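Structure first, commentary second.
The values are calculated or read from the model by the stated rules, or taken from the named source; none is laboratory data. A quick note: this is a predicted structure, and the numbers were derived from the prediction, not measured. Note that we place each Cβ from the backbone using ideal geometry, even for glycine, and neighbour counts take in every protein chain shown. These accessible areas exclude ligands, DNA and RNA; they are computed on the full protein's heavy atoms, side chains included. Shrake-Rupley method; radii C 1.70, N 1.55, O 1.52, S 1.80 Å.
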Amino acid sequence: MSSFLSQLHFQLSCALQQRIEICKLRQGEHLILGFSIGGGIDQDPGQNPFSEDKSDKGIYVTRVTPGGPAEVAGLMMGDKVMQVNGWDMTMVTHDQARKRLTKKNEDIVRLLVTRKSLEQAVRHSMM
Amino acid sequence: MDTESTYSGYSYYSGRSRGSHRHGERSRDHHKSRSKDGSRSEKSVTINAPPAEPLLGDSSVLGEEVQDDNWGETTTAVTGTSEHSLSQEDIVRITKDLEDSVGLDCRRYFSLTLAVVLGLLVFLTPLAFLALPHLLWPDKLLVCGTACEGLFISVAFKLLILLLAVWALFFRAPRAGLPRVFVFRALLAVLVLLFVVSYWLFYGVRILDSQDENYQGIVQYAVSLVDALLFIHYLAIVLLELRQLQPAFSVCVTRSTDGETRHYNLGQLSIQRAALAIIENYYRDFSVHNPALLTASKSRAAKHLAGLKVYNVDGPGNNAATGLAHSQSRAMIAAAARRRDTNHNELYYEEAEHERRVRKRKARLVVAVEEAFTHIKRMQEEEQKKAPGDVMDPREAAQAIFPSMARSLQKYLRTTRQQHCHSMESIQQHLAFCITNNMTPKAFLESYLNPGPTLQYGRERWLARQWTLVSEASVTSGLKEGAIFLLKCIDFSLVVTTKRIPYIQLSEEFIDPKSHKFVLRLQSETSV
């Protein structure tokens, strides 16, 4: 019983955050990921349509290019990016976030994202 | 209905002016109120059981019964607009408007003579103080040295200043006759009298009796008297003029016939002086009272009552007056509710129709007047020599163009029920005035399109001598929070309520000019 519960707990904590691996696509001389970000500590958090808490200054995915590498990897619009390749993205400026995602010497970025719908889905399954 | 029964809560003031009834006024009041209700076509015989009112000044009132048939006798309040004031008036100006001064001259002249006597006493006393020693014991007096003679100059100039100051403050044509004596003036007069009398007493005992030789001391005594009189004059300025300048109360004045309301800020005044200030503002701010505009609502009210006749079969009732009144009103309201009421519909269409008619007439009038004004041209100087034939002065020019606009103006005035406010003579006079001053047709029409303040119209509309102050509190007491009093004219009244201006607490906030800093609100989206 307790192991079942701990397994469930593990699943819960993992399911609230999803790890997504995106392979960058080469287009001409740019490496693109196929999504757009918004937010940052230097931005106005009140205008973020995806955040629940309007004082959340994190980095959110505002658009996902259809057929791009991000969509293929499972990134969805409205995801909040928590980490990129181990770098924290919750307390960065907009420009710092952009730089961390577009490093020219990296071909793959591993994102840790959290999603509203994930939490809801888990809560539903719990009931 | 009964305009008088609404005042049942107020007691009419009485007393002092009982002796000065103006009988002419009373009969005029009777006649007016009688004719007013004679014109109402259908009057239901409602039995009023008014509470016992302390209506004073009319002996017939005390015998008033429940059957209020002779209510015409009871409407008169004592008109106390006597010309009573303690100011030192210019005698010449008293004799204006003789017809209303029947029976009051004695009171006015009494106060005038009192004031003149007091003034003479005040001015002649220092001179008497200075002159009497020379007359009574000239040989014993010490010679007046330089300092003493210097004091003569000082006395002379101070008396001159006092004379000018008294002239400025008191020698003014009285602007109103108040019902009761002006308390501050009376107090000041008494103070001055006491003061001068006490100086005379001292002078008589210590100087005249003992025949003091020190003339310089006497002169200094006279100078001190004049100084003190100047200080009393300063006190008079403060009490009479300065104290009421700072606003302390806000009064709300409503006309009872059409509800027009204004608010004024007044200082700390007695009720009668506040009433005076309000009436003077009334003449400036309120539009002229036009009884013709109220006939529509009166006819509606008459129609309401026409269907119902209520009789009291129990005779002059001993039952509780309120119980009787309650049952009567309940019966009437129930009956009215049962009747199918389409009055609001009629009112709406009637008003819309009237609006339309007024606008049409106004359009015709404006066009006619503009056309009439084009026939007139101001003649220039050079032309005067060339064509001396057809030259007119403003009156003739007005008479020349008046016929072309007379008809449309008359029709417009009739539609807006203003025709009795303007006589043909006054219209022509106004037209001549506008032509002389190069006014446009629109400026000429302005006084006919919008009703102006009362002073704009002829003297017979002013009714300046018909005001009555109706107040529960004594009229010489000061204004207080929540004081209510009435200013009654012949067929309307002004209801005045008082409120104190709130105590304002103002706090300060300092903003450093360097603290005005701004940042941009960014919301950028970057694609990666």
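If residue B:400 passes every condition in (1) open to solvent by 80 Å² or more (accessible area, probe 1.4 Å); (2) more than 34 Å from the chain's Cα centre (by Cα) but one, which one does it miss?
(1)
Name every residue in the range B:425-462 that is open to solvent by 50 Å² or more (accessible area, probe 1.4 Å) and of a type in the set (A, V, I, L, M, F, W, C), in order of residue number.
B:433, B:439, B:455, B:462
Answer with yes or no whether residue B:135 is farther than 21 Å from residue B:227 by Cα, assigned to a helix (DSSP H, G or I) and modelled with pLDDT of 85 or more.
yes
Output the qualifying pairs, or none if there are none: Cβ atoms under 7 angstrom, residues six or more apart or on different chains, first residue in the range B:508-528 and within 14 Å of another protein chain (Cβ to nearest Cβ), second residue assigned to a loop (DSSP other than H, G, I, E, B) and among the hydroxyl-bearing types (Ser, Thr, Tyr).
Partner pairs satisfying both residue conditions: B:528/A:102.
Name the helices (runs of 4 or more DSSP H) wholly inside the range B:238-347 in which the number of residues that are modelled with pLDDT under 90 is 3 or more.
Result: B:295-306, B:321-338.
Anything in the range B:441-471 that is part of a loop (DSSP other than H, G, I, E, B) and within 18 Å of the chain's Cα centre (by Cα)? List them, or say none.
If the condition is that a residue be part of a loop (DSSP other than H, G, I, E, B) and within 18 Å of the chain's Cα centre (by Cα), then B:452, B:457, B:458, B:462, B:463, B:464, B:465, B:466, B:467 are the ones that fit.
Residue A:71 versus (1) away from chain B (no Cβ under 14 Å); (2) open to solvent by 60 Å² or more (accessible area, probe 1.4 Å); (3) touching a strand residue (DSSP E or B) at 6+ places or on another chain (Cβ under 6 Å): which is the lone unmet condition?
All conditions pass for residue A:71, except number (1).
Across the range B:409-424, what is the number of residues that are among the hydrophobic types (A, V, I, L, M, F, W, C), open to solvent by less than 20 Å² (accessible area, probe 1.4 Å) and out of contact with any Lys or Arg (no Cβ under 8 Å at 6 or more places or on another chain)? Don't jump to the end; show me each part of the working.
At the first step, the residues of the range B:409-424 found to be among the hydrophobic types (A, V, I, L, M, F, W, C) are B:409, B:413, B:421, B:424.
Okay, now just the ones that are also open to solvent by less than 20 Å² (accessible area, probe 1.4 Å), so B:409, B:413, B:421.
From the residues that got through so far, the ones that are out of contact with any Lys or Arg (no Cβ under 8 Å at 6 or more places or on another chain) too are B:409, B:413.
Summing the residues that are among the hydrophobic types (A, V, I, L, M, F, W, C), open to solvent by less than 20 Å² (accessible area, probe 1.4 Å) and out of contact with any Lys or Arg (no Cβ under 8 Å at 6 or more places or on another chain) in the range B:409-424 gives 2.
So the check is Cβ under 9 Å with 6+ separation or different chains; which pairs have a first residue in the range B:408-424 that's free of Cβ contacts under 8 Å to residues at least 12 places away in the same chain and a second one that's not in a helix (DSSP H, G or I)?
Within 9 Å, the pairs are B:410/B:419.
Across the range A:90-101, what is the number of residues that are at the interface with chain B (Cβ under 10 Å from one of its Cβ atoms) and within 15 Å of the chain's Cα centre (by Cα)?
Of the residues in the range A:90-101, 5 are at the interface with chain B (Cβ under 10 Å from one of its Cβ atoms) and within 15 Å of the chain's Cα centre (by Cα).
Which ranges mark the strands (runs of 3 or more DSSP E) fully within the range B:472-528 that have 2 or more residues being among the β-branched types (Val, Ile, Thr) and open to solvent by less than 90 Å² (accessible area, probe 1.4 Å)?
In the range B:472-528, the matching strands (runs of 3 or more DSSP E) lie at B:493-500.
For the subset of the range B:276-293 comprising residues that are of a type in the set (Val, Ile, Thr) and out of contact with any helix residue (DSSP H, G or I) (no Cβ under 9 Å at 6 or more places or on another chain), which member is most open to solvent (accessible area, probe 1.4 Å)?
The selected residue is B:279.
Step by step: first the residues of the range A:38-63, then only those that are of a type in the set (Asp, Glu) and in contact (Cβ under 8 Å) with a residue 12 or more places away in the chain, then the one that is nearest to the other protein chains (Cβ to nearest Cβ). Which residue is that?
A:42
Go through the range A:55-68 and give me each residue that's of a type outside the set (Gly, Ala, Ser) and open to solvent by less than 70 Å² (accessible area, probe 1.4 Å).
Within the range A:55-68, A:56, A:59, A:60, A:61, A:62, A:64, A:65 meet the criteria.
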